[in-house]
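One structure is given below, encoded as structure tokens.
The values are calculated or read from the model by the stated rules, or taken from the named source; none is laboratory data. Note that the coordinates shown come from a computational prediction; the quantities given were computed from them, not determined experimentally. Neighbour counts run over all protein chains shown; Cβ positions are idealised from the backbone, glycine included. All accessible areas refer to the heavy atoms of the entire protein, side chains included, with ligands and DNA or RNA removed. Shrake-Rupley method; radii C 1.70, N 1.55, O 1.52, S 1.80 Å.
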Amino acid sequence: MSDSSKWKKQKRSPRTSCHVTKVPPGSEQPVSSGTSTSSNITAGGVSFVDMPSPISSGSSENTSSAVSPSTDSGMEVSSQMSSKEDLTDLQPVSPLGISAAMPLSEPRCREQLDPQNEYPSEEKTPSASVESIPEVLEECTSNTEHSDSTSVHDMDYVNPRGVRFTQCSQKEGTALVPYGLPCIRELLRFLISLTNPHDRHNSDVMIHMGLQLLTVALELASVTKCPSLLGLIKEELCRYLFQLLSVERLNLYSASLRVCFLLFESMREHLKFQLEMYIKKLMEIIAVENPKMPYEMKEMALEALVQLWRIPGFVTELYINYDCDYYCANLFEDLTKLLSKNAFPVSGQLYTTHLLSLEALLTVIDSTEAQCQAKVLSSIYQQDKDALKVKADMVSGIKETSHIAEGRLTEGNPPVSELLEAHPAVNGCSVTDHTKQQDCQNVEGGNDAAEKTMPRKPIRFSCLLPPTTELIKMKSKKKLLISGSEQFNQKPKKGIQFLQEKKILATPMDNNEVAKWLRENPRLDKKMIGEFVSDRKSADLLNSFVETFSFQGLRLDEALRLYLEAFRLPGEAPVIHRLLEVFTEHWRKSNGFPYANSDACFALAYAVIMLNTDQHNHNVRKQNVPMTLEEFRKNLKGVNGGKDFEQDMLEDMYQAIKNEEIVMPEEQTGLVKENYVWSVLLHRGATDEGIFLHVPPGSYDHDLFAMTWGPTVAALSYVFDKSLDETIIQKALTGFRKCAMIAAHYGLSDVFDNLIISLCKFTALSSESVENLPAVFGSNPKAHIAAKTVFHLAHRHGDILREGWKNIMEAMLQLFRAELLPKTMVEVEDFVDPNGKISLQREETPSNRGESTVLSFVSWLTLSGTEPSGMRGPSTENQEAKRMALECIKQCDPEKLITESKFLQLESLQELMKALISVTPDEEMYDEEDAAFCLEMLLRIVLENRDRVAFVWQAMRDHFYHLCVNAVEYCFLVERAVVGLLRLAIRLLRREEISAQVLLSLRILLMMKPSLLNRVSHQIAYGLHELLKTNAANIHSGDDWYTLFTLLECIGSGVKPPAALQATARAENDTGAQSDSEIYHPNESTLDRGYTSDSEVYADHSKQGKMHRSVTDVDVVNSGWLVVGKDDLDSPKALIGPSKPCSSPLVNQYSLTVGLDLGPHNTKSLMKCVESLSFIVRDAAHVTPENFELCVKTIRIFVEASLNGGEV
């Protein structure tokens, strides 16, 4: 068997590899003095531990080396000792055992299950496999103990490929680990080099293999603790990955996205600007309209975004680290807009990209909703806990309570060790391994390690978790900075002036502040920066600008390269001279004045610029041969104060300029520009700008939701409307519900209203005509789902509904018109009807329709001739649709809105009532039945909220006034308003805090036009009877009794309402038309009516002449005491009527007849009023000094009204 075949088989051996050390949990390896151990890299329980490297005087080798022969590709791999910088990454850590959670590949698992079937010969020979090195080393160690004369090379191990593993001399008891961090770094560097798309040696297959190997490495290991490995990832790997995102090979593109996800999932704290560039590239791919780009690339880019957004806290970190950074892109805001736009299909057909965009938006909603649910549950738990604690304190005292709480905590929470053991592995690494590793690092590193773990605070924030107000100010300032930058790029002075006006920059201009702004702001045009700082008037600014550079330790050409990358060097020689002069002075000062004088430094800098032009300017190269190193040295001979510059330094400068051109920012294109952008990115990442702040999930959910709810709801609405897939529809509804829950949690009424309005559009209740509504709504499953969702949200989160109540009430009205509401909602109480209830949905009669019977008959004949099918009744399909519609409405339970309105917050309740009050009859939208339905719902809501009726009574009173007093003619709505007012009075008089206002509101009935009052006298008579029968004991005030008895008189006997109330009603209405009550105005007293009105008696009581019998009474309206003695005429007593507007002399008090104008009245109403009066009089408890005279007066009026059988 060949050596290569042996090597392949041995690699598949199930035995533990040589770089894995098995150590029992908790055991530690002793470390001798003078021995440096490397840091371990935990990968699924596998610890990469750097080999100890003690220094021995008798050995010239510091580490064990492994040298392999040339491979087929001609490459030599050697493991050598890392540089001093690499060794600084090594931290002494005790090795960890192999975790049982380490994932195994499929072939490896197969071999472990049946290790005897394959290659038994190799397993019998311990020295035949690299993976058997630990056993070999153990044997070598035991041999050394028996024979001191054995050399070190005798214990070397040579594998079948010829690779020699040389054991270093070490102290007794120190474990030998042949592979460590230097080897891993070299391996990682090699894998990264395989992914370089610009390396012509790397084929697509090699690149794909490199990506796959890197994927495995990143899935199993974390390299964030090793700066040397992290540096490779920051600089080389990320760059190659971003370049691969532009290739059209889908397998490379997909593999690159996978590696990028693994990087930013675990290392984004160290890759702030790399992550920004990655997301920008994905956004470009998603937004590009190039037809040549494969559709799959957009789809995979969206999937990559969705994966990132699902990382807990990732979206919040985007917002805090980029949107709230002055000089970073608004990644979260721009991504949200892009995803929302991409969720709307242009062609009207939904594709995977649209659904992925919606899913990304919903990811934010899902995480926010989960945090809200957790907060709610935590609050409930805390309340229960507090309640239990209070109860326990009352029973057994504080001391006993503490023992109980401690016992409960012990029972409910397992020990930390159990939690760690039970916790599932994450990315192949168990929690125990991570915990042990962290503990080891803390023990070894002491306080320094603890300080390193503390997160760094960005300088722009006042604290690690800045308050929302601070973030709002920062975003506002960022908008001003962007606007100022745009103006600066057009005209620098204009931009500076704008920022000074907005208080961003100081006035007068602070050169240091402006210089810092010019250096930090990546949005500025480099050409404009060069023109601004090189101006002769800005000499001080130029000095401040140059001082922002740190040139310490940099060679002159390196410093010049850094300097010229910050701005575009103008073309004028004097300007270049001034810029270089200031530069060389600052460079000499930073590096201890290395040359003879400033002129020498200036000449060298100028020579570097000329060399750069000579070597790389195509026009110069066409005319002359490029300058050689000797010519460059010759040009600078004797310039350094009469002496020569160091020749090696000049050679280094020459080679650096020759190999890499100094390219001005404005002239960069292609790969040169890409290199420049990448170097700027790395430079920014090395400064304080590169601090990436981790925040706990849910920290700024309110701010994120405020930014995302609009695009998300719009996308959900569109997808719900266009999709026919049941799964997608349910996902959209789930999104609606979660948005509603978040809005309710944070009290965002505008968001919730928008949700309700959007959903109401899909119910088809507002768009369809009443005739077609049952059939259309009943046969539309999507409308059913939308309606159920609307009512469910209103039931659950009605507290924060405001404007949305109008849309819900509109839907309720449509259901009422289409006769789809439950019977209990359309049947209302009535005083006159024998059943005690009437239906608001009256059968339409010719009189209701405003047409005669003849016209109705003719219309029926016409319709029966042209559309006989339409008059035969609904079809079977329509009947089935209506049945389904009724079933759906039953599940919606609209009546619950009324019965549970008692749980609404006051503001929401007021908005609900306002929506109902706004429904008044007009010619366009509503008829009187609509208004009557809303009025009945309003009455029921008030009765459900009788505990807080005082807060809403004024609105109810105004509504009743509008319906009753402003009515011109009798209609069904006026009747329901009168009945409703009396129903409220009957129910609310038991509440002392509102009873006086309710009784006072009954005077609205006395303000109605007399003709209307007579039409509704029957309902009022029955309502007053019920009111007195149930609440007479709750009436105490004389004013209240006056109101009730006046109503009895007006309803039962046709007495005109008090003129003062009628005048008030006319003044408030003031329509310009003559009302019925104006007939009784005092100015018309000269008319020969055959009687004299009460107001005329009071206005001119001393008038002589023939008087009608009505002039003989004195207790009209005011209900004064009846004087029966003649002597009392000389000294009349003051009348004590409760509502007497003025005192009047008594006239002819010997007559027992009352002199009131008794108009037409209903006999049934009179009988009911008499019954009510007899109920009061029969019970002595009801007759009080406040109502005794009113009782007597009313009896006299009823007696007179009963003359001639009660007919007038």
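Some observations on this one:
- Taken over the range 969-994, the criterion of being open to solvent by 20 Å² or more (accessible area, probe 1.4 Å) and outside any helix (DSSP H, G or I) is satisfied by Glu969, Tyr970, Cys971, Arg990, Arg991.
- Checked against (1) open to solvent by 20 Å² or more (accessible area, probe 1.4 Å); (2) at negative phi; (3) not in a helix (DSSP H, G or I), Glu819 passes all but condition (2).
Residue by residue, here is whether (1) surrounded by 18 or more Cβ atoms within 10 Å (Cβ to Cβ); (2) within 23 Å of Tyr595 (Cβ to Cβ); (3) without any contact (Cβ under 8 Å) to a residue 40 or more places away in the chain holds:
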| site | (1), (2), (3) |
| --- | --- |
| His616 | no, no, no |
| Asn619 | no, no, yes |
| Asn624 | no, no, yes |
| Phe632 | yes, yes, yes |
| Asn640 | yes, yes, no |
| Asp644 | no, yes, yes |
| Gln647 | no, yes, yes |
| Glu651 | no, yes, yes |
| Ile657 | yes, yes, no |
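- Within the range 261-274, considering residues that are in a helix (DSSP H, G or I) and touching a residue at least 60 places away in the same chain (Cβ under 8 Å), the one nearest to Glu248 (Cα to Cα): Gln274
- If the condition is being touching a His at 6+ places or on another chain (Cβ under 9 Å) and open to solvent by less than 30 Å² (accessible area, probe 1.4 Å), then the range 1156-1176 contributes Ser1165, Cys1169, Ser1172, Ile1176.
- Take the conditions (1) part of a helix (DSSP H, G or I); (2) within 28 Å of Leu241 (Cβ to Cβ); (3) touching a residue at least 60 places away in the same chain (Cβ under 8 Å); Asp334 misses just one of them, which is (3).
- For the range 988-1021, the candidate set comprises residues that are of a type in the set (Ser, Thr, Tyr) and out of contact with any Leu (no Cβ under 6 Å at 6 or more places or on another chain); within that set, the residue that is nearest to His959 (Cα to Cα) is Ser1001.
- Considering the range 729-768, the residues that are open to solvent by less than 50 Å² (accessible area, probe 1.4 Å) and modelled with pLDDT under 90 include one that is farthest from Lys806 (Cα to Cα), namely Ala764.
- Within the range 243-254, considering residues that are assigned to a helix (DSSP H, G or I) and open to solvent by less than 10 Å² (accessible area, probe 1.4 Å), the one farthest from Lys457 (Cα to Cα): Leu252
- Residue in the range 303-311 that is closer than 24 Å to Leu358 by Cβ, within 31 Å of the chain's Cα centre (by Cα), among the acidic types (Asp, Glu) and not in a helix (DSSP H, G or I) present: no
Let's see how each residue does on (1) part of a helix (DSSP H, G or I); (2) at pLDDT 85 or above; (3) among the β-branched types (Val, Ile, Thr):
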{"site": "Arg802", "(1), (2), (3)": "no, yes, no"}
{"site": "Ile808", "(1), (2), (3)": "yes, yes, yes"}
{"site": "Ala811", "(1), (2), (3)": "yes, yes, no"}
{"site": "Pro834", "(1), (2), (3)": "no, no, no"}
{"site": "Glu844", "(1), (2), (3)": "no, no, no"}
{"site": "Glu851", "(1), (2), (3)": "no, no, no"}
{"site": "Leu855", "(1), (2), (3)": "yes, no, no"}
{"site": "Ser864", "(1), (2), (3)": "yes, no, no"}
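- Screening the candidates Ile496, Ile459 for the property of being of a type in the set (Val, Ile, Thr), under 30 Å from Gly530 (Cβ atoms) and at pLDDT below 90 yields one hit, Ile459.
- Condition check for Leu524: part of a loop (DSSP other than H, G, I, E, B), buried (at least 20 other Cβ atoms within 10 Å of the Cβ) and of a type outside the set (Ser, Thr, Tyr): yes
- Candidates are the residues of the range 339-366 that are modelled with pLDDT of 85 or more and more than 25 Å from His702 (Cβ to Cβ); the one that is surrounded by the fewest Cβ atoms within 10 Å (Cβ to Cβ) is Thr352.
- The residues on offer are Ser550, Ser590, and the sole one that is open to solvent by 50 Å² or more (accessible area, probe 1.4 Å) and under 21 Å from Ser679 (Cβ atoms) is Ser550.
- Residue selected from the range 876-917 under the condition polar (S, T, N, Q) and open to solvent by 70 Å² or more (accessible area, probe 1.4 Å), by the criterion nearest to Leu813 (Cα to Cα): Gln891
- Residues in the range 668-711 that are among the hydroxyl-bearing types (Ser, Thr, Tyr), open to solvent by 40 Å² or more (accessible area, probe 1.4 Å) and either assigned to a loop (DSSP other than H, G, I, E, B) or closer than 10 Å to Phe273 by Cβ (or both): Thr669, Thr687, Ser699.
Yes/no per residue for (1) farther than 27 Å from Lys1056 by Cβ; (2) without any contact (Cβ under 8 Å) to a residue 60 or more places away in the chain:
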| residue | (1), (2) |
| --- | --- |
| Ala950 | yes, yes |
| Phe972 | no, no |
| Leu981 | no, yes |
| Leu1000 | no, yes |
| Ile1004 | no, yes |
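- Taking the criterion of being over 14 Å from Ser1037 (Cα atoms) and either open to solvent by less than 70 Å² (accessible area, probe 1.4 Å) or touching a residue at least 12 places away in the same chain (Cβ under 8 Å) (or both), the residues of the range 1177-1190 that qualify are Val1177, Asp1179, Ala1181.
- Residue within the range 912-928 that is at pLDDT below 90, in contact with a Cys (Cβ under 7 Å, 6 or more places away or on another chain) and assigned to a helix (DSSP H, G or I) present: yes
- The combined condition, being touching a residue at least 40 places away in the same chain (Cβ under 8 Å), closer than 24 Å to Val677 by Cα and in a helix (DSSP H, G or I), is not fulfilled by Glu284.
- Within the range 1030-1039, if we keep just the residues that are of a type outside the set (Ser, Thr, Tyr) and farther than 14 Å from Leu988 by Cα, the residue that is surrounded by the most Cβ atoms within 10 Å (Cβ to Cβ) turns out to be Gly1038.
- Filtering Val952, Val942 for residues that are touching a helix residue (DSSP H, G or I) at 6+ places or on another chain (Cβ under 7 Å), at pLDDT 90 or above, surrounded by fewer than 21 Cβ atoms within 10 Å (Cβ to Cβ) and not hydroxyl-bearing (Ser, Thr, Tyr) leaves a single hit, Val952.
- Leading residue by the ranking (nearest to Gln497 (Cα to Cα)) among those in the range 529-587 that are in a helix (DSSP H, G or I) and of a type in the set (S, T, N, Q): Ser538
- Test for Met610: is it open to solvent by 30 Å² or more (accessible area, probe 1.4 Å) and part of a loop (DSSP other than H, G, I, E, B): no
- Among the residues of this structure, Glu827 counts as one that is surrounded by 12 or more Cβ atoms within 10 Å (Cβ to Cβ), in contact with a strand residue (DSSP E or B) (Cβ under 7 Å, 6 or more places away or on another chain) and either at pLDDT 50 or above or not β-branched (Val, Ile, Thr) (or both).
- Just so you know, in the range 553-567 the residues that are surrounded by 19 or more Cβ atoms within 10 Å (Cβ to Cβ) and not hydrophobic (A, V, I, L, M, F, W, C) include one that is nearest to Gly592 (Cα to Cα), and it is Asp557.
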